[in-house]
Structure formats: C-alpha cells, structure tokens
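J.: Sharing a structure, written as structure tokens. Questions coming.
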Amino acid sequence: MKTLHIKTATCDSHIICGEGAFQSEIPSLCEGLTFTVTDSNVYKLYRNIFDDIFSKSGSVYVIPAGEKSKNYNVLLGILKAMLSAGLKRNSTVFAVGGGVVGDICGLAASLYMRGVKLVQVPTTLLSQVDSSVGGKTAIDLCGVKNIVGTFYQPGTVVVDPMFLSTLPAREIRCGLGEIIKYGALNKDIYVKLIENKNNLRSPEFLKDITFDCIQHKAEVVRRDERESGLRKTLNLGHTTGHAFELYYKRKSHGEFVLIGMYYELFIAVKRGICAAEYADSLIQLIKKVINIPAYEDAEKACLMAVYDKKNVCAAEVSLIVPAEAGRCEELRLPVDEYAAEIAQCALKIREDKQ
C-alpha cells in the first residue's frame, strides 16, 4: 500500500493506492450519513459492495453509464437526490466509478451546500491513473467537453487494482492513453514504458505504473492547483484528442488522447520542437495500443479545438507537445495553420498505409 498527500490552498487530499485499499479504508470513511454515486455498469458488477457497505450508511444513486450522462439534467438529478437524502455539510459523498462518475459527482459535491466532503473511488484504469486525482470536476454543455466545472479537491482518493480485473479491453486501452501521456511528461515513466513495451497490458505492470502516474500528477497539482501554468502540461495530446472526440464520438477518451498525441507529434517534429527519434519511440508505444486513423475530414474535425480551455486567443490553438524525454512545450498556432498541419498528417497516414 502506498500513500500520497496533496496539500493545496483549498484542501488536503489523501491518496491511498494498492491492493486491499478499498477494504482497509472505505468502512471507516462511511461513518455518518453518506451519499454514493455510481453508474449502471459498475453497480451491476459490484452490487454486493453497494449493498454491504454504501447502502448501510446512506443512499446510492445510479446514473446511466457513458459520457452522455455528463449533462445538466443528470447533475440536477444528483443534487435533488442529495437534498432528498437529507445531506448536511458534514455528510460524505462517494464517487465510485470511472471518469464520468468522478467528474459529475465531484461537481455535485462542490455545489451542494457550497461543498461537502468528497471521496473518489476510481474503478477504471483511466480514472485511477489520472482523473480521480487533482480535483477537476465537470459536465459537458452544447457538445463542448468539460466546459462547465469547478476545481474541488477530494478529501480522499482510494485506488484499488481489484477493480481492473473486470474491465473490458477497450477500457484498458483508454487508461493506457493517459499512461503513455505521462510517459511523454516524465522520463522515469517513459523508461518504464519502453522497457515494458511488449507487456503494457500486464496486471502487474499496470499496478506498478499506476502509482507512478499518480505521483507525477500529485506533484504537478501541488505546484499548480488551478492550471495557471505547469498543470497545462497534463493536457498533452488532449487538444486535438478532444476535438476529434467531440466530432467523431466513436472511440473512448483515452483512445482519442493517443490519436491526438500522434497528430500533434507530427506537428512538433515538423516544426523542430521534438527530435524525430524520440517522437518515433513515442509513436511505437502509441501503436502498441491503437491503430491511428487517417481521418478524411480531419481538417474540419480539428476545428473543434477552438473551444479548448487552454486557448487564450480566439485566433490561436494551444498545444502541449513533447520536446524531449521528460520535457514538453506549449505551441500556439493560428487556427488555419493548425488545421492545415492536421490535414497534412492525415494525408501522410493514408500514404503510409498504401
């Protein structure tokens, strides 16, 4: 069992990671009145956990699984259920699920009575290595991802690999998207990925690398809770990835992060920011997880990137791109140049496949 502590201006967040973390930590956190949010997939798989633990100390609220639940109506339903359950400021809200549950439950916890205690219990690989840590909460609005949200740190995050055993292959790919992102940000993680490139889906490897990713993110959040500088680096691959995710909607978030990273690496190499040899090593990791599509309408799809929250100018798109092992840079491009580069990358992918 490993632990981390994030102390920020707004909260002390404790992260417990390892086998047995759920059984050792959750019962003591269920003292007093609780309210638990999960989704239909997790509830079906772990109904006994909800009946034996969470239902005994309060209410369990189940939302439909999937990104479509990150909307205003589902958020309002959670808040109404909190009120009906009689939650007070000393009550505890549990988010038990993947990134969608963590995002919307965290937002509800930050809004109800201007903030109640929050515990994140991530059950997917992606939420364990990334989204459950750091206090970002959100819903989508008008087709724009994560545009309405708050920074609200969980008091506790309990990361237990037992949940990974029931994940489908797609969810493992999704989590590997964020793990490879961390490899592009952290030299030690990069080395581990290269050493285990033929073993990326091994349960033992995933257990080990999960804590490394959490540790990296925790340090970034300690230094920049509100994403005013350093924390922007955690969006590597996300600008183009989110744009494609909004436009195409056919893959998972983590898969689109990898696709976005590939397209943005093309731009970074072309502009001399990233050495071709290093970029190739990252591309080989990406291709171990997913086949990169050569989108016919990539130039149109990537224009969704103008809604990205990192942009500081309407006429520019901000990208976080790898520069060398353990270092990345922010690249700002005029929208038309960005779209042209993305289209050129898609063309090259098509030519390489012929």
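J.: What number in nm² do you get for region 62-152 if you take the convex hull of its Cα atoms and divide its surface by four?
T.: Working: hull surface 21.3 nm².
Quarter of the Cα hull surface area: 5.3 nm².
J.: Compute the Kirkwood hydrodynamic radius of region 2-166, taking the inverse of the mean of 1/r over all pairs of distinct Cα atoms, and give it in Å to one decimal.
T.: 15.5
J.: With N residues in the chain, what two-decimal value do you get for its Cα radius of gyration over 2.2 N^0.38 Å?
T.: In units of the globular-protein estimate, the chain measures up at 0.97.
J.: Between Q344 and K249, what length comes free when the chain is fully extended (0.36 nm per residue of separation minus the Cα-Cα distance, one decimal in nm)?
T.: That pair, Q344 and K249, stretches by 32.0 nm at full extension.
J.: Return the FRET efficiency for the residue pair Q354, K7: r is the Cβ-Cβ distance, R0 is 41 Å, and the value is rounded to the nearest 0.05.
T.: Taking R0 as 41 Å, the efficiency between Q354 and K7 is 0.15.
J.: Treat every Asp and Glu Cβ in region 169-353 as -1 and every Lys and Arg Cβ as +1, leave all other atoms uncharged, and give the resulting dipole magnitude about the Cα centre to the nearest 20 debye.
T.: Magnitude of the dipole: close to 420 debye.
J.: So for region 20-172, taking the charge dipole from beta-carbon charges (+1 Lys/Arg, -1 Asp/Glu), which of I53, P122, G106 sits furthest toward the positive end?
T.: Selected residue: G106.
J.: Further question on the same structure: Using only the alpha-carbon atoms, how far is helix 253-270 inclined from the longest principal axis of the chain? Give it as 0 to 90 degrees, nearest 10.
T.: 30
J.: Further, regarding this structure: What does region 194-312 give for Rg and for Dmax, in Å, if only its C-alpha atoms count?
T.: Cα only, region 194-312: 15.4, 41 Å (Rg, Dmax).
J.: So, with +1 on the Cβ of K and R and -1 on the Cβ of D and E, and no other charges, what is the size of the charge dipole of region 2-166 about its Cα centre, to the nearest 20 debye?
T.: Magnitude of the dipole: close to 460 debye.
J.: Oh, and also: Let me know the volume per residue of the alpha-carbon convex hull for region 1-67, in Å³.
T.: With only Cα atoms used, region 1-67 gives 130 Å³ per residue.
J.: Over the chain, what is the relative contact order in whole percent, taking alpha-carbon pairs under 8 Å and six or more residues apart?
T.: 15
J.: Which trypsin sites (Lys or Arg not before Pro) does region 48-103 hold that lie in a coil by DSSP with at most 13 other beta carbons within 10 Å?
T.: K88, R89
J.: Further question on the same structure: Give me the number: length gained by fully extending R170 to N48, i.e. 0.36 nm times residue separation minus the C-alpha to C-alpha distance, one decimal in nm.
T.: Fully extending the segment from R170 to N48 adds 41.4 nm.
J.: A follow-up question, please. Sort out the exposed loop GluC sites (Glu not before Pro) in the chain (DSSP loop, at most 13 other Cβ within 10 Å) and tell me the longest stretch that has none.
T.: The segment 32-295 is the longest one with no such site.
J.: Let me ask something additional. Taking 22 Å as R0, compute the FRET efficiency from the Cβ-Cβ separation of R332 and K270 and round it to 0.05.
T.: 0.90
J.: With charges set only on the Cβ (+1 for Lys and Arg, -1 for Asp and Glu), what does the dipole of the chain come to about its Cα centre, in debye to the nearest 20?
T.: The calculation lands at about 640 debye.
J.: What is the extension gain from D208 to H14, computed as 0.36 nm multiplied by their sequence separation minus the C-alpha to C-alpha distance, in nm to one decimal?
T.: Net length gain for the segment: 68.0 nm.
Rule-based calculations on the coordinates, nothing more; no lab input. The structure presented is a predicted model; accordingly, all values stated were derived computationally and were not measured. Virtual Cβ from ideal backbone geometry, glycine too; neighbours counted across all protein chains shown.
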